[in-house]
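A short write-up of the structure that comes next.
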Amino acid sequence: MHRSPMVLYVKHWCPWCIEAIDYLDRHGFDYEVCDVLANPDAYARMRKISRQSLTPTMDVDGKILADFDVGQLSAFLAEHAIKP
């Protein structure tokens, strides 16, 4: 399975996940969404890379941001010079 360089792990009901998706869409990012409640393999992968079970969790080429809000997401993207 091909994975996008930017993967967002979410739970479909999570308000922070919904905000993260909205932020990424508004700013034109290309990313893959993995609903960890619908996909046990994605959940296991997220737990392995982040060492926790909270969402949203972002993986950008091995750079991990776990359990974040939009402010933390914006700072993470800027810190790593990640652009759409």
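A straight Cα-to-Cα reach below 22 Å connects Lys83 with the lysines Lys63, residues fewer than 8 places away in its own chain not being considered. The angle separating the long axis of helix 40-50 from the principal Cα axis of greatest extent in the chain is about 60 degrees. Were the residues from Asp61 through Ile82 laid out at 0.36 nm apart, the gain over their Cα-Cα distance would be 6.5 nm. Extending 7 Å from Cα along the Cβ direction at Lys48 and again at His27 yields two label points whose distance is 2.8 nm. Per residue of the chain, the DSSP helices (runs of n ≥ 4 H) give a summed -39500 (n - 2.57) that works out to -12000 deg cm²/dmol at 222 nm. P(r) tail, region 26-84: Cα-Cα pairs separated by more than 17 Å, 38% of all pairs. Amide H to amide H distances under 5 Å link Cys34 with Leu8, Tyr9, Val10, where only residues 5 or more positions off or on other chains count and H is placed in the peptide plane.
Based on Cα contacts under 8 Å between residues 6+ apart, the chain shows a relative contact order of 34 percent. Couplings 3J(HN,Hα) of region 14-29, computed from phi: 6, x, 5, 5, 4, 5, 5, 4, 4, 4, 4, 5, 4, 9, x, 6 Hz, in residue order, whole Hz [Karplus 6.51 cos²θ - 1.76 cosθ + 1.60, θ = phi - 60°; x for Gly and Pro].
The numbers here are math on the coordinates, done by the rules we state, and not lab data. Being a predicted model, the structure only gives us computed values, none of them experimental. Neighbour counts are summed over all protein chains in view; Cβ atoms, including those assigned to glycine, are modelled from backbone coordinates with ideal geometry.
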